[in-house]
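One structure, pasted below without further comment.
The values are calculated or read from the model by the stated rules, or taken from the named source; none is laboratory data. Treat the numbers as computed from the prediction; the structure is a model and nothing was measured. Glycine also receives a Cβ, built like all others from the backbone with ideal geometry; neighbour counts cover every protein chain displayed.
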Ligand SMILES: C[S@@+](CC[C@H](N)C(=O)[O-])C[C@H]1O[C@@H](n2cnc3c(N)ncnc32)[C@H](O)[C@@H]1O
């Protein structure tokens, strides 16, 4: 008989403990990477499920959201930091490992989570989702990351500004280099402006509501939200900002489409188009790219107040259904149709006012979709170019002489904004159209820094809105 005391194994094999918050955030990051899912669509159902199971409270949901959004937004900076901590190229690290690492780096450098908690939670997550061997790798890398704070790391891994300004900004502010370059071209100016813009893209935008005129009022929204959770719009008379967040869909006015969630930039664009001077008849309005219907709903409400009819056209049937939903209950006449604006079913010269809010790269709304900057490619712009020109050209045919067309994008990229308008006016790649610029700036009265005109470019860092572009044109012949 062996009466020696039994020795416990040196490395007891305990089962890794699943932390529901980190596990859920990891699941969301994997869905974004593997299925090209959108974080803002993938996260809410996961959070809902976790809440229903009793796994989560509100604070857990807020932390999971922060981990997903923060990790995705700051991926460019975090990739550079991880690359500096490993001795092989970053592309050789499996994507799930990189997700755990980047989420760990975000906890260490981008949140107030204490260092030991950030490392141990990440290693524990790695044990659950990657296995013991890779958990050791995660541990080793994250321990190296703890050597500096974010500023210290950025100084180490970003090329000096004087050597390569765009590369420097790309790493420091976590944007692809080509986007830094395009945004800077559109913004102009020196270092301070572009840095402010890139930083604004990394902020989570507040939720803004629109009280559709004649259907709801800002007072109704403030009352429903409570004084503490509402701030007045910065620029739009229809806007109320939700100070503390919350679920807009819980408000009666939103459920009944009398109000909606809409960035102030979009509100300003729709309102400016509605306010542009037209000569003579002003009863037939068209929104030629209406889905999902935010601007169409505001236009329809404004049209109703003025005895005009809105035709809302959208190419994608499922998006046309969203427009139906947004417009339901509008007090004035409207119609929603599924139609291709480049091969329109309407006759030339039919409309008095047209909005063409064309499909674009969305580079003006990067703060809303944390993963989109990494998905977009410079080549995407070439794919949009003929469509944008075709839609604008057809809009200028569809408006009567003296009527107005608004060409809008949620991108400030010059190739999608002014260059498109100038090409169409000059007849490049198609027949010339007889139209003249209208100075859009007086139609956004009270809004500063709108540029040199006649078109308008809004900016997140200057206006707190998405970077919406608007050109207004009057058909002359
Ligand atoms: C930027 S979104 C419009 C956003 C909308 N104005 C709003 O405020 O909710 C562009 C829309 O144009 C639609 N679209 C794309 N090609 C089109 C075409 N050839 N004709 C009409 N609509 C088109 C897209 O499906 C998309 O819904």
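Take the conditions over 19 Å from residue 342 (Cα atoms) and within 12 Å of the ligand (Cβ to nearest atom) and apply them to residue 286. Does it pass?
Taking the combined requirement at face value, the residue does not satisfy it.
Right, another one. What residue, of 154, 105, is more than 27 Å from residue 24 (Cβ to Cβ) and not in a loop (DSSP other than H, G, I, E, B)?
Only one candidate passes the filter, namely 154.
Also, quick follow-up: How many of the residues making up the range 109-140 are within 15 Å of residue 77 (Cβ to Cβ) and in a helix (DSSP H, G or I)?
Of the residues in that region, 2 qualify.
Restricting attention to the range 255-275, report how many residues are surrounded by fewer than 13 Cβ atoms within 10 Å (Cβ to Cβ) and in contact (Cβ under 8 Å) with a residue 24 or more places away in the chain.
Of the residues in the range 255-275, 1 are surrounded by fewer than 13 Cβ atoms within 10 Å (Cβ to Cβ) and in contact (Cβ under 8 Å) with a residue 24 or more places away in the chain.
Every residue in the range 424-446 that is loosely packed, with under 15 Cβ neighbours inside 10 Å and assigned to a helix (DSSP H, G or I), please.
426, 442
Is it true that residue 278 is at negative phi, buried (at least 21 other Cβ atoms within 10 Å of the Cβ) and away from the ligand (no atom under 16 Å from the Cβ)?
no
Report whether or not residue 320 is over 30 Å from residue 175 (Cα atoms), touching a strand residue (DSSP E or B) at 6+ places or on another chain (Cβ under 6 Å), at pLDDT 95 or above and within 15 Å of the ligand (Cβ to nearest atom).
yes
On the basis of being under 16 Å from residue 266 (Cβ atoms), part of a helix (DSSP H, G or I) and modelled with pLDDT of 95 or more, does residue 387 make the cut?
no
Continuing with this model, one more query. State which residue is surrounded by the most Cβ atoms within 10 Å (Cβ to Cβ) when the search covers only the range 358-384 and only residues that are within 13 Å of the ligand (Cβ to nearest atom) and in a helix (DSSP H, G or I).
So, considering only residues that are within 13 Å of the ligand (Cβ to nearest atom) and in a helix (DSSP H, G or I), the one surrounded by the most Cβ atoms within 10 Å (Cβ to Cβ) is 364.
If you don't mind, another one. Identify the single condition in (1) within 15 Å of the ligand (Cβ to nearest atom); (2) over 30 Å from residue 173 (Cα atoms); (3) buried (at least 21 other Cβ atoms within 10 Å of the Cβ) that residue 308 does not satisfy, given that it satisfies every other one.
Just one mismatch for residue 308, condition (1).
Is it the case that the range 261-273 has a residue that's more than 15 Å from the ligand (Cβ to nearest atom), within 15 Å of residue 213 (Cα to Cα) and part of a loop (DSSP other than H, G, I, E, B)?
no
Oh, and also: Please tell me if residue 353 is near the ligand (Cβ under 8 Å from one of its atoms) and under 25 Å from residue 417 (Cβ atoms).
No: the conditions fail for residue 353.
Report yes if some residue within the range 101-113 is free of Cβ contacts under 8 Å to residues at least 24 places away in the same chain, in the same structural domain as residue 27 (by TED's automatic domain parsing) and surrounded by fewer than 20 Cβ atoms within 10 Å (Cβ to Cβ); otherwise report no.
Yes - at least one qualifying residue is present in the range 101-113.
So which of 345, 333, 292 is away from the ligand (no atom under 15 Å from the Cβ) and either at pLDDT 95 or above or in the same structural domain as residue 237 (by TED's automatic domain parsing) (or both)?
Only one candidate passes the filter, namely 333.
Which of the numbered conditions does residue 421 fail, given that it passes all the others? Conditions: (1) more than 15 Å from the ligand (Cβ to nearest atom); (2) touching a helix residue (DSSP H, G or I) at 6+ places or on another chain (Cβ under 8 Å); (3) part of a strand (DSSP E or B).
That leaves (3) as the condition not met.
Taking the range 207-254 only, how many residues are in a loop (DSSP other than H, G, I, E, B), free of Cβ contacts under 8 Å to residues at least 60 places away in the same chain and under 24 Å from the mean Cα position of the chain (by Cα)?
Within the range 207-254, residues that are in a loop (DSSP other than H, G, I, E, B), free of Cβ contacts under 8 Å to residues at least 60 places away in the same chain and under 24 Å from the mean Cα position of the chain (by Cα) number 9.
Are there any pairs, at least 6 apart or on different chains, whose C-beta atoms fall under 7 Å, with the first in the range 301-317 and part of a helix (DSSP H, G or I) and the second modelled with pLDDT of 95 or more and within 14 Å of the ligand (Cβ to nearest atom), and if so, which?
301/212; 302/274; 303/285; 303/310; 317/338
Got a number for residues in the range 385-401 being touching a helix residue (DSSP H, G or I) at 6+ places or on another chain (Cβ under 7 Å) and within 11 Å of the ligand (Cβ to nearest atom)?
1
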